[in-house]
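Working notes, structure below.
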Amino acid sequence: MRSGIGTRLLGTAAVASLALLAVMALVITPQDVNQLDAVRFLYIHVPLATLMYVAFGVTAVASVLYLWPRYRARKWDLLAGASAEIGVVVTGLVLVTGSIWGRTTWGVYWTWDARLTTTAVLFVLFLGYLALRRVGGDIDARAKRNAIAALAAAIDMPIVHKSVEWWRTLHQKSSILDEETFMHPHIHGSMYWTVLLGIGAFLLLFSWLLVNRYRLAKLEDRLEDEGLERAIAERRAEADALTGAP
Amino acid sequence: MAVEDQRAPGRTQGRRRLIIASLVVLAALGFLVVRGLGNATLYFRTADEAVAQRQQLGTERFRIEGTVVDGTVKGMSNAVAFNIESKGVRVPVLHQGDPPELFKPNIPVVLEGHFQGDAFASDRIMVKHSEDYVAKHPSRVTVPPSTVP
């Protein structure tokens, strides 16, 4: 199971678009009227936050497919785990980039407003999900337990997204996914296109990471199966040797 | 074999791991919910709300939000005095310490502190920025529709 030509093209496209994003974000786009150069955090923080939703979204969909008897297959559990692992790393980066951006614009690294708190909760929930995945047991029972835990954790996702509308927060409201102004974005000219480019570039990176992490998960799975078969064969040989002995 | 060793732990050890993992996650969640959501649901009171609740608030610590009134900002050594306004209600503020870099008149701020007489004694200023991002050089671009009244 070596990575195919498609995967390598995906990786190349991710690197190329990230390079283009760096030029757009750091050189081409103008300063913001209030934030000056600090606005450039927009081009990494918003794409990362989008990836967070996509990664945990993939985990949630794969978990539903596993729980649905008609579609139940081992691959959905492996895909859910692979995507959640990337999601947790991305959420960590969302918190870190947000924190640094917060220090330069708000004046504080952290405050317990609803957006920041619910995002931190999401991080801990999926960290717990990854810990749960490592707990042993029968393969099918484990996968079912994983899927239920993932769906429970996913309840926090719409809460994170809506937190800036449901409660008063220091964090500003959505600039992109604002239903009322979807076609009239809050972000200006080239800044807007650069955010969209950032989302595209990070989605390519995510796809590349997911393909590879999923491939690795399948290999791990096969190793586990073959290891088990070998262990059984060894025990059987031992037993044969014992009974076969005079 | 390492593969065998991974398989070796029986049901009891698996269950113990599950319990420990759940306890760690629950403790972290409990901390976040108590610490966070207690504050988060009423993250700040606007200046007019705070003035209306002046009696109940006493010298209790809370967050207040308002727009910095132009022409009222007076810098002192290690302190800054200004007024904030919300729905026409003004609150005088005395802040101990340096304000953040982006602090300036006509922007909304969230302050942490308490009432001292009719003034608000603040020890933390947070600059609230909007979801609008506009280029600094207006000649190059047009005003985004969302900022047009």
Segment B:70-89, subset surrounded by 14 or more Cβ atoms within 10 Å (Cβ to Cβ) and either under 20 Å from residue B:101 (Cβ atoms) or not assigned by TED's automatic domain parsing to the domain that holds residue B:107 (or both), residue farthest from the chain's Cα centre (by Cα): B:72
Residues located in segment A:78-117, provided they are assigned to a helix (DSSP H, G or I) and in contact with a Gly (Cβ under 6 Å, 6 or more places away or on another chain): A:117
Tally of residues being assigned to a loop (DSSP other than H, G, I, E, B) and touching a helix residue (DSSP H, G or I) at 6+ places or on another chain (Cβ under 9 Å) across segment B:116-127: 1
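Does segment A:121-136 contain any residue that is surrounded by fewer than 19 Cβ atoms within 10 Å (Cβ to Cβ), part of a helix (DSSP H, G or I), among the β-branched types (Val, Ile, Thr) and under 23 Å from the mean Cα position of the chain (by Cα)?
Filtering segment A:121-136 for residues surrounded by fewer than 19 Cβ atoms within 10 Å (Cβ to Cβ) gives A:130-131, A:134, A:136.
Among the residues that remain, those that are also part of a helix (DSSP H, G or I) are: A:130-131.
If we keep only those that are among the β-branched types (Val, Ile, Thr) as well, we get none.
Checked segment A:121-136: no residue is surrounded by fewer than 19 Cβ atoms within 10 Å (Cβ to Cβ), part of a helix (DSSP H, G or I), among the β-branched types (Val, Ile, Thr) and under 23 Å from the mean Cα position of the chain (by Cα).
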Output for segment A:94-151, where each listed residue is within 30 Å of residue B:128 (Cβ to Cβ) and among the hydroxyl-bearing types (Ser, Thr, Tyr): A:97, A:99, A:104, A:105, A:109, A:111, A:117, A:118, A:119
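Report whether or not residue A:90 is out of contact with any strand residue (DSSP E or B) (no Cβ under 9 Å at 6 or more places or on another chain), surrounded by fewer than 16 Cβ atoms within 10 Å (Cβ to Cβ) and more than 14 Å from chain B (Cβ to nearest Cβ).
Details: out of contact with any strand residue (DSSP E or B) (no Cβ under 9 Å at 6 or more places or on another chain): yes; surrounded by fewer than 16 Cβ atoms within 10 Å (Cβ to Cβ): no; more than 14 Å from chain B (Cβ to nearest Cβ): yes.
In short, no.
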Unmet requirement for residue A:114, which otherwise passes all of (1) more than 7 Å from chain B (Cβ to nearest Cβ); (2) over 20 Å from the mean Cα position of the chain (by Cα); (3) over 29 Å from residue A:228 (Cβ atoms): (1)
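Could you please find all residues in segment A:14-42 being more than 14 Å from chain B (Cβ to nearest Cβ), touching a helix residue (DSSP H, G or I) at 6+ places or on another chain (Cβ under 6 Å) and not polar (S, T, N, Q)? Can you show your working first?
First, pick out the residues of segment A:14-42 that are more than 14 Å from chain B (Cβ to nearest Cβ): A:14-23, A:26-27.
Among the residues that remain, those that are also touching a helix residue (DSSP H, G or I) at 6+ places or on another chain (Cβ under 6 Å) are: A:14, A:17-18, A:21.
Of everything in segment A:14-42, those that are more than 14 Å from chain B (Cβ to nearest Cβ), touching a helix residue (DSSP H, G or I) at 6+ places or on another chain (Cβ under 6 Å) and not polar (S, T, N, Q) turn out to be A:14, A:18, A:21.
The values are calculated or read from the model by the stated rules, or taken from the named source; none is laboratory data. None of the values given here were measured: they were computed from a predicted structure. In this analysis, Cβ positions are derived from the backbone assuming ideal geometry, glycine residues included, and neighbour counts consider all displayed protein chains.
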